[in-house]
Amino acid sequence: MIVMDDEPLALVNMEKKLKEFNSIEVIKSFTTAKDLLAEGPSLDFQVAFLDVEMPGMNGLEIARLLKEWNKNIFIVFVTAYRDYAVQAFEIHSIDYLLKPISKARLETTINRIQELLHLENKSTPLQIRNKPELTIQCFGGFVVLHNNKAVHWRTLKTKELFAFLFSNLNNHVPRDTIIDSLWVDTEFKKARVQLHTTVSYLRTTLSALGYSEVIQYANGCYILQLEDFQCDAHDLEHILNANMETAKIDVEKAEALIQSYQGEYMAALDYPWITSKANFMNNRFTLLLHDLIEHYTAIHDVKKREQILLLTIEHNPYSDKIIQQLIKHYIEVDNRACAVKVYNTFKNTLLADLGILPEQETTELFNAISVENFNL
């Protein structure tokens, strides 16, 4: 690693602290940007400890330069001031140390660096992976797995931020929109610092999994650009989009998605921002079920049609239209007892939960069954 501070005494003190850790090596120290520009490009280093307040080029500018040399260099800022925390995290620094630095606090940073370097050396490049190592389950909750193991989030907000950005994948999201969504009850200046801290944690987590530089910040917006992953919500979109283009549903993929279905989109998560997206995705899942019902009806597979109709009722328990389809299905297969039972259960559910009765068309369909049963 390299260390840079314009104050020689502070530089010597920092080197002394770092040399107490046998696992790291300080290969060069700098007090001026001129010396760094002259020697830096020829040095082989993975970590840079930078003072922020320096004449000429400050630590933030030096960090940007180092990132241009090598985007994988880990940056640690060292300063006596808190004011630069936001800018520091925007440069993708892995830590921000306030002087005076205790040995325990520095040890935390060194451990983090060692962990990142270890994972970086172990990881397989994305381009040669045979299958996605990252699996994201959105239906039934929000579960993120890496090589079939749950991803550890440093804080709950780190997980929520990833869920939020993933819900807006490949879209530029204004910083203030994120703050308003995730830190609605927090004073803005404090929320902004918390956002940048959380972004830093998230970048570190994703980088350790082999997904570096996937979160970018520009023009006041964040964007998550993620590739090489598997997600049930994205599988759903791919199936529906392909169906629209070809007018033919991929039954095998649709059935596999349904078998893995765990519940509504990000269900049971107390994220106030999720309602609109959840409603949209739940409607998309209902559309998939309708497409399958039409497919099984067309090929006269009444058994699978019944299975999908029952699942659709679970997904939309107050839908008259779906109840009508299920009643007509039972009439077609000559099972009027089940048709009557379905109607009565539906009626009782509506009365108990919503205080309403089934639509007139549903009631008329039931009455027609009742008359036939009476005539029989």
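Which ones in segment 259-283 are surrounded by 16 or more Cβ atoms within 10 Å (Cβ to Cβ) and touching a helix residue (DSSP H, G or I) at 6+ places or on another chain (Cβ under 7 Å)? Outline the logic, then answer.
Initially, segment 259-283 is screened for residues surrounded by 16 or more Cβ atoms within 10 Å (Cβ to Cβ), giving 261, 264-266, 271, 273-274, 277-278, 281-282.
Within segment 259-283, 264, 265, 266, 271, 273, 277, 281 qualify.
Please work out if residue 63 is closer than 25 Å to residue 221 by Cβ, modelled with pLDDT of 80 or more, buried (at least 17 other Cβ atoms within 10 Å of the Cβ) and among the small types (Gly, Ala, Ser). Quick ask: steps written out before the conclusion?
Numbers: closer than 25 Å to residue 221 by Cβ: yes; modelled with pLDDT of 80 or more: yes; buried (at least 17 other Cβ atoms within 10 Å of the Cβ): yes; among the small types (Gly, Ala, Ser): yes.
For residue 63, the condition - closer than 25 Å to residue 221 by Cβ, modelled with pLDDT of 80 or more, buried (at least 17 other Cβ atoms within 10 Å of the Cβ) and among the small types (Gly, Ala, Ser) - is met.
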How do the pairs read when you match residues in segment 350-367 that are over 20 Å from residue 325 (Cβ atoms) with residues anywhere that are loosely packed, with under 14 Cβ neighbours inside 10 Å, using Cβ under 9 Å and keeping only pairs 6 or more apart or on different chains?
351/357
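Looking only at segment 21-42, count how many residues are among the aliphatic types (A, V, I, L, M) and either over 26 Å from residue 108 (Cβ atoms) or assigned to a helix (DSSP H, G or I) (or both).
So the first thing to find is which residues in segment 21-42 are among the aliphatic types (A, V, I, L, M), and the list is 24, 26-27, 33, 36-38.
Within this subset, residues satisfying the condition of being either over 26 Å from residue 108 (Cβ atoms) or assigned to a helix (DSSP H, G or I) (or both) are 33, 36-38.
Summing the residues that are among the aliphatic types (A, V, I, L, M) and either over 26 Å from residue 108 (Cβ atoms) or assigned to a helix (DSSP H, G or I) (or both) in segment 21-42 gives 4.
For segment 329-339, name all the residues that are surrounded by fewer than 17 Cβ atoms within 10 Å (Cβ to Cβ) and within 44 Å of the chain's Cα centre (by Cα).
Of segment 329-339, the ones surrounded by fewer than 17 Cβ atoms within 10 Å (Cβ to Cβ) are 331-338.
Selection gives 338 alone.
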Please determine whether any residue of segment 295-305 is surrounded by 14 or more Cβ atoms within 10 Å (Cβ to Cβ) and among the basic types (Lys, Arg).
yes
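Okay, residues lined up against (1) touching a Ser or Thr at 6+ places or on another chain (Cβ under 8 Å); (2) more than 23 Å from residue 134 (Cβ to Cβ); (3) not aromatic (Phe, Trp, Tyr):
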position: 176; (1), (2), (3): no, yes, yes
position: 180; (1), (2), (3): no, yes, yes
position: 207; (1), (2), (3): no, no, yes
position: 210; (1), (2), (3): yes, no, yes
position: 220; (1), (2), (3): no, yes, yes
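Can you pull out the residues in segment 22-51 that are among the basic types (Lys, Arg) and touching a helix residue (DSSP H, G or I) at 6+ places or on another chain (Cβ under 8 Å)?
At the first step, the residues of segment 22-51 found to be among the basic types (Lys, Arg) are 28, 34.
Within segment 22-51, just 28 meets the criteria.
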Within the bounds of segment 227-246, is there any residue that is crowded, with 19+ Cβ neighbours inside 10 Å and small (Gly, Ala, Ser)?
yes
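Residues of segment 350-360 being part of a helix (DSSP H, G or I) and surrounded by 12 or more Cβ atoms within 10 Å (Cβ to Cβ), which ones? Let's see the steps before the verdict.
Kept after step one, since they are part of a helix (DSSP H, G or I), are these residues of segment 350-360: 350-353, 360.
350, 351 - these are the residues of segment 350-360 that are part of a helix (DSSP H, G or I) and surrounded by 12 or more Cβ atoms within 10 Å (Cβ to Cβ).
Only one residue in 35, 51 is surrounded by 13 or more Cβ atoms within 10 Å (Cβ to Cβ), over 16 Å from residue 76 (Cα atoms) and modelled with pLDDT of 85 or more, so which one is that? Before you say what the answer is, go through the steps one by one.
On the way: 51 fails: over 16 Å from residue 76 (Cα atoms).
Sole residue among the options that is surrounded by 13 or more Cβ atoms within 10 Å (Cβ to Cβ), over 16 Å from residue 76 (Cα atoms) and modelled with pLDDT of 85 or more: 35.
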What's the total number of residues in segment 152-170 that are among the aromatic types (Phe, Trp, Tyr) and either more than 8 Å from the chain's Cα centre (by Cα) or over 17 Å from residue 207 (Cα atoms) (or both)?
2
Taking into account only those residues within segment 82-108 that are of a type in the set (Lys, Arg) and farther than 15 Å from residue 193 by Cβ, which is modelled with the lowest pLDDT?
99
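Any residue at all in segment 22-29 that's under 23 Å from residue 217 (Cα atoms) and modelled with pLDDT under 90?
Residues of segment 22-29 under 23 Å from residue 217 (Cα atoms): none.
Looking for residues that are under 23 Å from residue 217 (Cα atoms) and modelled with pLDDT under 90, one finds none in segment 22-29, hence no.
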Whichever residue in segment 262-312 is more than 24 Å from residue 342 (Cα to Cα) and β-branched (Val, Ile, Thr) and, among such residues, is nearest to the chain's Cα centre (by Cα):
274
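From the residues in segment 67-77 that are modelled with pLDDT of 85 or more and either out of contact with any Phe, Trp or Tyr (no Cβ under 9 Å at 6 or more places or on another chain) or closer than 18 Å to residue 114 by Cβ (or both), which one is surrounded by the fewest Cβ atoms within 10 Å (Cβ to Cβ)?
Taking segment 67-77 and keeping what is modelled with pLDDT of 85 or more, we get 73-77.
Next, only the ones that are either out of contact with any Phe, Trp or Tyr (no Cβ under 9 Å at 6 or more places or on another chain) or closer than 18 Å to residue 114 by Cβ (or both) stay: 73-76.
Values: 73: 17, 74: 23, 75: 22, 76: 22.
By that ranking, first place goes to 73.
The values are calculated or read from the model by the stated rules, or taken from the named source; none is laboratory data. The structure presented is a predicted model; accordingly, all values stated were derived computationally and were not measured. Every residue, glycine as well, gets a Cβ built from its backbone with ideal geometry; the counts of neighbours run over all protein chains shown.
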